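Novice: Pasting a structure below so you can have a look.
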Amino acid sequence: SLSALCLGAMAFRAAFPTLRTAGLRAAPRVAQPVRQMSGLKSMYGVFMDSNMKYITFVVSGAIALEFVYGSATNMIWENSNAGKLPHHVDWSKWSEDDDEEEDEDDE
(Lines give C-alpha, C1' and ligand atoms only; values in the text may rest on other atoms or scores of the structure.)
Protein backbone atom coordinates (compact mmCIF):
# COMPACT_ATOMS: atom_id res chain seq x y z
CA SER A 1 0.00 0.00 0.00
CA LEU A 2 2.89 2.38 0.75
CA SER A 3 4.61 1.45 -2.48
CA ALA A 4 1.35 1.98 -4.37
CA LEU A 5 1.06 5.46 -2.82
CA CYS A 6 4.62 6.30 -3.84
CA LEU A 7 3.97 5.03 -7.38
CA GLY A 8 0.83 7.17 -7.54
CA ALA A 9 2.76 10.25 -6.44
CA MET A 10 5.48 9.57 -9.00
CA ALA A 11 2.88 9.11 -11.75
CA PHE A 12 1.20 12.39 -10.76
CA ARG A 13 4.52 14.25 -10.86
CA ALA A 14 5.31 12.73 -14.25
CA ALA A 15 1.94 13.79 -15.63
CA PHE A 16 2.22 17.39 -14.36
CA PRO A 17 5.94 18.30 -14.27
CA THR A 18 5.40 22.08 -14.24
CA LEU A 19 2.78 22.05 -11.52
CA ARG A 20 5.31 21.82 -8.71
CA THR A 21 7.66 24.54 -9.95
CA ALA A 22 4.94 26.92 -11.14
CA GLY A 23 4.04 27.86 -7.59
CA LEU A 24 7.65 28.62 -6.71
CA ARG A 25 8.10 31.20 -9.43
CA ALA A 26 7.78 34.75 -8.26
CA ALA A 27 4.55 36.29 -9.37
CA PRO A 28 4.91 39.69 -11.01
CA ARG A 29 4.52 42.42 -8.41
CA VAL A 30 1.73 44.84 -8.90
CA ALA A 31 2.44 48.36 -7.72
CA GLN A 32 0.37 48.95 -4.62
CA PRO A 33 -0.74 52.38 -3.55
CA VAL A 34 1.27 53.94 -0.76
CA ARG A 35 -0.64 53.52 2.46
CA GLN A 36 -0.94 56.38 4.84
CA MET A 37 0.16 55.72 8.38
CA SER A 38 -2.77 54.68 10.50
CA GLY A 39 -3.82 56.76 13.47
CA LEU A 40 -2.55 54.25 16.00
CA LYS A 41 0.86 53.97 14.38
CA SER A 42 1.29 57.73 14.22
CA MET A 43 0.12 58.03 17.83
CA TYR A 44 2.67 55.39 18.79
CA GLY A 45 5.43 57.42 17.20
CA VAL A 46 4.37 60.59 18.99
CA PHE A 47 3.39 59.36 22.46
CA MET A 48 4.80 55.89 23.04
CA ASP A 49 8.08 55.83 21.17
CA SER A 50 10.15 56.03 24.34
CA ASN A 51 9.50 55.35 27.99
CA MET A 52 9.77 59.03 28.96
CA LYS A 53 7.26 60.07 26.29
CA TYR A 54 4.83 57.40 27.46
CA ILE A 55 5.09 58.38 31.13
CA THR A 56 4.65 62.06 30.24
CA PHE A 57 1.60 61.19 28.12
CA VAL A 58 0.00 59.15 30.90
CA VAL A 59 0.63 61.73 33.65
CA SER A 60 -0.48 64.72 31.57
CA GLY A 61 -3.52 62.77 30.37
CA ALA A 62 -4.46 61.93 33.95
CA ILE A 63 -4.17 65.59 34.99
CA ALA A 64 -6.24 66.75 32.01
CA LEU A 65 -8.93 64.15 32.60
CA GLU A 66 -9.08 65.03 36.30
CA PHE A 67 -9.57 68.70 35.41
CA VAL A 68 -12.37 67.90 32.95
CA TYR A 69 -14.03 65.39 35.31
CA GLY A 70 -13.80 67.78 38.27
CA SER A 71 -15.27 70.66 36.28
CA ALA A 72 -18.13 68.49 35.03
CA THR A 73 -19.02 67.14 38.48
CA ASN A 74 -18.86 70.63 40.03
CA MET A 75 -21.17 71.95 37.32
CA ILE A 76 -23.66 69.14 37.94
CA TRP A 77 -23.48 69.69 41.72
CA GLU A 78 -23.99 73.46 41.39
CA ASN A 79 -26.96 73.05 39.05
CA SER A 80 -28.68 70.42 41.17
CA ASN A 81 -28.21 72.43 44.40
CA ALA A 82 -28.89 75.92 43.08
CA GLY A 83 -29.86 78.29 45.90
CA LYS A 84 -29.03 75.80 48.64
CA LEU A 85 -25.28 76.30 49.00
CA PRO A 86 -23.65 78.96 51.21
CA HIS A 87 -22.07 80.86 48.33
CA HIS A 88 -25.51 81.18 46.68
CA VAL A 89 -26.94 83.12 49.63
CA ASP A 90 -27.24 86.90 49.19
CA TRP A 91 -25.57 88.01 52.40
CA SER A 92 -26.44 91.64 51.78
CA LYS A 93 -30.01 90.86 52.87
CA TRP A 94 -28.76 90.13 56.38
CA SER A 95 -27.99 93.38 58.15
CA GLU A 96 -25.47 93.69 60.91
CA ASP A 97 -27.87 95.91 62.92
CA ASP A 98 -29.95 92.86 63.83
CA ASP A 99 -26.90 91.19 65.34
CA GLU A 100 -26.02 94.24 67.46
CA GLU A 101 -29.56 94.47 68.85
CA GLU A 102 -29.48 90.83 69.91
CA ASP A 103 -26.13 91.38 71.63
CA GLU A 104 -27.53 94.30 73.64
CA ASP A 105 -30.58 92.30 74.70
CA ASP A 106 -28.44 89.50 76.02
CA GLU A 107 -26.53 91.74 78.42
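Novice: Using a simple spin-label model with points 7 Å from Cα along the Cα→Cβ vector, what separation in nm is obtained for Ser80 and Cys6?
Specialist: Between Ser80 and Cys6, the simple spin-label model gives 8.3 nm.
Novice: Straight-line reach from Lys53: which lysines have Cα under 29 Å away, leaving out those fewer than 8 places along the same chain?
Specialist: Lys41
Novice: Right, another one. With every protein chain present, what is the per residue accessible area of segment 38-78 (1.4 Å probe, Å²)?
Specialist: 85
The values are calculated or read from the model by the stated rules, or taken from the named source; none is laboratory data. All values reported here derive from a predicted model rather than from experimental measurement. All Cβ positions, even for glycine, are placed from backbone atoms using ideal geometry, and neighbour counts span all protein chains on display. Note: areas computed on protein heavy atoms with side chains; ligands, DNA, RNA excluded. Shrake-Rupley method; radii C 1.70, N 1.55, O 1.52, S 1.80 Å.
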